[in-house]
């Protein structure tokens, strides 16, 4: 007797319907976000790290940059915008991007999708109806609601220990990360980007780290890493790295020694991946704040050198420039200790997600993680996964149709297995490997 799972998918309309249904039904483990548990504090409370609600959605830095395309700094100086309250900023953006202009960009469409899937009308002329609705939500219960709509089973935080405000929260409340819906990640960019400054910071925290690596520096830095990995129960170590990142790097001896002698030995002993997000060029327009960052082509050879020289280590890798994607895919074919993931930041646009997903499937099969949300505002989980699932399903439909045309007898079981790998199991298996 043929089961539902064994049902053959041989005609394109049948393939398409099954793939879209299975992709929509598959829970996602979101491997990289900037969302937090409620114990970190929630907006609009000052200092709260869990950002959620309409004003946070509309003032996201993508939309800040976009509104300055409509209302230039000659009309609204940057300093005047930043002096506004969050509500005033949101009203300004809503008026100019959603009411007086058609919200056609991906960042604008994301807000509309989020409101629609929450059951709200995205056509309001002011934000007041949304503010009333969000004011009635409890942050912790709202997390459950967002995860249910987005069909996300686990949210991976990003926890920068060199951020004084966040570190203080961890030190004040050791259980701040103890929420079964979330996992923590130890982020330590300064240890590579600015080794001298990071070493001075470690000394101020009681770790005898010296700029020239003399004395007990290696032992002390390893102690620092182990302490915070244990404290956070971190599932990997993360860094955002500039396009100039190289390995080896004679111009950054301290950063290179940290990688060789401290980071990778500790990651190897713990079996933890190092996640490298490479290609962000910070503050090309400083008055825009977070909205002033840019993208530049990076050096894939640095990743190749790391994977080759440290075969016992695991590397999660995503790169920001479109120009890096083909070379990165080819590099991943050569190293089983590299897992390529996501369409990061400026790549999180449908045309690029589709192109990159096709390329990765054609070069790497199902041994990838096609997407992560990178959500900084909790509500963004809704639209980022809704939009991405549809693109992933579209690409998979084409790839399966090609495979069937080559004579393969595709079943629903094949599709379910593949989709589970892509959206959940590949990442979990890489952590456990």
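Read the figures in this text as sums done on the coordinates, not as results from a lab. All of these numbers come straight from a predicted model, not from anything done at the bench. Cβ: placed from backbone, ideal geometry, glycine included. Neighbour counts: every protein chain shown.
Below is a table of values for the structure above.
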item	result
Of all DSSP beta bridges in the chain, antiparallel share, percent nearest 5	10 percent
Cα gyration tensor shape for the stretch 1-107, rounded if a/c is under 1.5, else prolate or oblate	oblate
Distance (nanometres) between label positions extended 7 Å along Cα→Cβ at residue 244 and residue 82	2.3 nm
Length gained when the stretch residue 260-residue 148 is fully extended (0.36 nm per residue, less Cα-Cα span)	36.2 nm
Model label zone, residue 173; criterion: amide N under 14 Å from point 7 Å along Cα-to-beta-carbon; scope the stretch 5-43	36-43
Overall form of the stretch 288-433 per C-alpha gyration tensor (a/c, 1.5; a/b vs b/c)	oblate
Residue-span extension gain [residue 5 to residue 101] - 0.36 nm each, minus C-alpha spacing	29.9 nm
Calculated over the stretch 222-345: convex hull of Cα atoms, volume per residue (Å³)	121 Å³
Point-to-point label distance, residue 333-residue 205, nm (Cα→Cβ direction, 7 Å offset)	4.1 nm
Identified option (computed Kirkwood radius over Cα pairs in Å; candidates (1) 22.4; (2) 21.3; (3) 23.1)	(3)
Cα-based shape type of the stretch 370-433, given that a ≥ b ≥ c are square roots of the gyration tensor eigenvalues and the cut on a/c is 1.5	oblate
Relative contact order of the chain, pairs being alpha-carbon contacts under 8 Å that are 6 or more residues apart, as %	23 percent
The stretch 283-304 residues near the modelled residue 73 label - backbone nitrogen below 20 Å, point 7 Å along Cα→Cβ	283-296
Efficiency of FRET between residue 112 and residue 283 - r from beta-carbon atoms, R0 30 angstrom, step 0.05	0.50
Per-residue [θ]222 nm for the chain (sum of -39500 (n - 2.57) over DSSP H runs n ≥ 4, rounded to 500)	-14000 deg cm²/dmol
Mean separation of Cα contacts under 8 Å, 6 or more apart, over the residue count of the stretch 23-116: relative contact order %	22 percent
Selected from 414, 387, 61 as most flexible by GNM, with the chain as the system and alpha-carbon contacts under 10 Å	414
Cα centroid of the stretch 1-70 to Cα centroid of the stretch 318-375, whole Å	18 Å
Contact order normalised by residue count of the stretch 60-178, Cα under 8 Å, 6+ apart, percent	17 percent
Residue 194-residue 414 pseudo-label distance in nm [points 7 Å out on the Cα-to-Cβ vector]	5.3 nm
